[in-house]
1. May I ask you to order 85-97, 63-75, 291-303 by the average number of other C-beta atoms within 10 Å around their residues, highest value first?
2. Across the range 71-88, in residue order, what do the Karplus-derived ³J(HN,Hα) couplings come to in whole Hz, using 6.51 cos²θ - 1.76 cosθ + 1.60 with θ = phi - 60° and x for Gly and Pro?
3. Can you tell me the dipole magnitude for the chain around its Cα centre, using point charges on the Cβ only (Lys, Arg +1; Asp, Glu -1), in Debye to the nearest 20?
4. So what is Rg over Rh here for the range 65-163, counting just Cα atoms and using Kirkwood for Rh?
5. For a quick protection proxy, order the peptides 306-317, 217-228 by their average other-Cβ count within 10 Å, most packed first.
6. Report, to the nearest whole %, how much of the accessible area of the range 43-101 belongs to carbon and sulfur atoms, 1.4 Å probe, protein only.
7. Quick check on the chain: helices-only [θ] at 222 nm, where DSSP H runs of length 4 and up contribute -39,500 (n - 2.57) each and the sum goes over total residues. Nearest 500, please.
8. Return the Cα extents of the chain along principal axes one, two and three, sorted largest first, each rounded to a whole Å.
Amino acid sequence: MTKEQAQTKPDSRIRGSSRGSTLGSSILGRIGNTPLVRLERIAQGLDGITLLAKAEWTNPGGSIKDRAAASMVRDAMDRGLLANGKTLLDATSGNTGIAYAMLGAALDFPVRLVMPTNVSLERKRIVRAYGATVEWTDPDQGSDGAIRRAREMAAGEPENYFYCDQYSNNANWQAHYRTTAPEIWQQTEGQITHFIAGLGTSGTFIGTTRRLKEFHPGLVAISFQPDGPFHGLEGMKHMPTAIVPAIYDPQLADRNIEIETEAAYAMAKRLAREEGLLVGISAAAGVVASLRVAEEEAAEGRRAVIVTVLADSADKYLSERFWEEE
Ligand code: PMP
């Protein structure tokens, strides 16, 4: 086979995981189809309001980013971009890195992640546990510093790296267009009125909203982001001051809400103590945004079925001090 043919031949690693058996499921088969949970106590007293959330920590890598990573890896393999021992390279604040590392282990390709040194110890340990290697960048430069370094590395050694570039990769938002949105539509039996999600790469918001608006053009789509450049909403971007992802489309949201870190911390504790849901900070921020919208709708006497995303669990944030504070 010529190199040319090798590069266009679909990669068998992506499909060959059953190795002759159809028993059980592969890691890829375990991604998606997450439960939709009802937040009953948080929405108590709000007549006509149903608050729902996708439990994305139930994905095998523990976050919603499994969907995007699997979609981008599958696309790269289908196009022969991960052939010839190439290493997958990307900048990540954590969850995408964990998902790439898991997929690299399961599907047998090397993974190199570029991350600021201030990502939580838990995240560092998890990616190393899966066997990925890490290039560390200056924490003062945040996730944009990691993006700039990944670009340099990819440009310097194009023969060794497949630069996945989750911020520009259409297979990122398409994962949510193909899976997250149809799941929400089915699980709400078409009754969803509002979809609310935060902006990191923006893949979740863009992909899910595009598809949901096809199902229901009257759907109200609301994006949220941190209220300033220095914030504790890990995984989220403050768009006015960040490198704006190429896949982001600011026209798609009907409305954008700014969330304060303190409000998200307080909601993370409420969700743990009132709903028994131990979720991450961006997840809690999504519930803060949802509750604000719910209160407005209830005040107007309108019925609403509001859906947000619980991107990950609290596991990776348990060392944060806010859990202990009054
Ligand atoms: N929440 C967390 C905890 C994340 O790590 C991410 C990914 N950066 C997101 C939300 C946002 O997802 P997206 O990249 O699809 O905008």
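1. Order by mean packing, descending: 63-75, 85-97, 291-303.
2. 3J(HN,Hα) across the range 71-88, in whole Hz: 5, 5, 5, 4, 4, 5, 5, 4, 9, x, 7, 10, 7, 6, x, 5, 9, 6.
3. 1200
4. 0.94
5. Most protected by this proxy first, the peptides run 306-317, 217-228.
6. That fraction is 42 percent.
7. Per the formula, -10500 deg cm²/dmol.
8. 67, 43, 38
The values are calculated or read from the model by the stated rules, or taken from the named source; none is laboratory data. The structure presented is a predicted model; accordingly, all values stated were derived computationally and were not measured. All Cβ positions, glycine included, derive from the backbone under ideal geometry; neighbour counts span all protein chains shown. Areas reflect the complete protein model, heavy atoms only, side chains present, ligands, DNA and RNA absent. Shrake-Rupley method; radii C 1.70, N 1.55, O 1.52, S 1.80 Å.
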